[in-house]
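Remarks on the structure that follows.
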C-alpha cells in the first residue's frame, strides 16, 4: 500500500473515530452515496475524470448539490452536470429529497392521522434538520393513490355477499376554490361464509341519485352478487338508487337513524317513553309478531303523537325487513351500527387534517383507513355471522310465480277458486 493511500485511510479513520454515532453514520452514508453517484455518472458519460476513451458520449460540466434527507440526517450529494443531455442518478428522485425509509415513515404517519404540519416536526425528530414542507408531504402521500385505486377496483365475484351495509360520513374539502362538505360513502358486506369485507368507498355528494347509482353500479360491475338485504339510512336518492341498480334485494331502514327521526318529533321529556314503545317492535320473537307490533305501537301513539304514528305506518315494510331473515342475524342487520365504527375511525383521522385540498385527498386518506380495517378483519379470521346461520339464507327453488297485485298476492290457484 502506498504512503499516500495509508495517509488517506488514516485521515478517514481518525475522522470517523472522533465522530459520534450519528455523525459516523452520516459520513459513511454520504461517502457511499457519493461513490455510487460517481460510478453511475462515469457509466453515463462513458469515461472517468480526465480519461480519454472512444466510448465517451459527453463531458462533465461542473456539479450541482442536492440535499437528501435520510433517517441518519441531512446529506449533501454532488451530482455531476453534463455539457449535452442530462444526468440524474437512479437511486435518487428528481423532486424528492428524502430516502425511501423516511418516505415510508411519512406515509404511515399521514395514514394514521398526523397532519401535514405535524409531519414536519416528526421528520425533524428523526434527524432531518431541514424538515419537510406541506407540499412535499402531499406529493409523497400521492403515491398512496395507486394502492387505494387497486383496492377499490378489485373484483368482488369470489363469492356471494348476502348483506350489504351503506353509510356516509362527512369531511371538508376545497372544490373549485370553495370549502364544501363532501361525503365519504362506505360499503361493507357480509359474505356467504360469514366474514366481513370492505366492498368500496367513494367521495362526493351523497344526497344525489346519480352519485349513489354510479357508486352502486360500480359495485355491481366489479362482480358483487347474491345480495339479499341492503341496510342503510334513508339518504336522499339512496333508496331510489338501490331500487334501480340492485333489483331483487330487500332494503332495511336503519332502526337507529329511524329512532333519531322519531325523537325529533317529540319533546325531550317524552322522548324516553316514546323510544321505549318503539323498541318493543324489535323485541318480538317472530316475524309475524314484529309486523303486528308496528301496528300496535302506531295505534297507541296515534292520539298523542300522530306524526310518529304516521312515520311508523309509512316505514313498516322497510323498518321490519330484517324479520324474514334468520333470527340469529337480527341484531346485526337491523341497523348500520356495524359500519359506524369505521365511520368514527375515518372521522378521527380526517379531523386532524381539517380541510382537505381536494376530494382526491379525502379519498386517499379514507381509503387507506378502510384498507387497514379490511386487512385486520382478514387477519383475525373471525366470522361476523356463523357459517351455519349463513347457510339458512340459501333461498329455496321457486315453485310458482305469484302475480303481484296492489293489495295482495294472487296465485293461479286463488284465481281458479275465485272463478269457481
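Points worth noting:
- Projecting label points 7 angstrom from Cα along Cα→Cβ for residue 205 and residue 181 puts them 1.4 nm apart.
- Placing dummy labels 7 Å off each Cα toward the beta-carbon, the span from residue 27 to residue 283 is 7.8 nm.
- In this structure, residue 261 and residue 389 have a Cβ-Cβ separation that, at R0 = 35 Å, corresponds to a calculated FRET efficiency of about 0.70.
- Using a Förster distance of 56 Å, the FRET efficiency for residue 50-residue 372 (Cβ separation, nearest 0.05): 0.55
- Taking 0.36 nm per residue of sequence separation and removing the Cα-Cα distance, the residue 358/residue 220 pair yields an extension gain of 47.0 nm.
- Look at the Cα gyration tensor of the range 159-391: its axes a ≥ b ≥ c give a/c of at least 1.5 with a/b at or below b/c, and that counts as oblate.
- The slack in the chain from residue 344 to residue 76, taken as 0.36 nm per residue of separation less the alpha-carbon distance, amounts to 92.1 nm.
- Here residue 295 and residue 379 are evaluated by their C-beta separation; at R0 = 45 Å the FRET efficiency comes out at 0.45.
- Mean-position separation - Cα centroids, the range 349-383 and the range 214-291, in angstrom: 25
- Fully extending the segment from residue 57 to residue 247 would add 61.7 nm, taking 0.36 nm per residue of separation and subtracting the current Cα-Cα distance.
All of the numbers you see were taken from the coordinates with simple rules; none came from a lab. The shown structure was predicted, so the numbers you read here are calculated from the model rather than taken from an experiment. Positions of Cβ are backbone-derived with ideal geometry, glycine not excepted, and every protein chain shown enters the neighbour counts.
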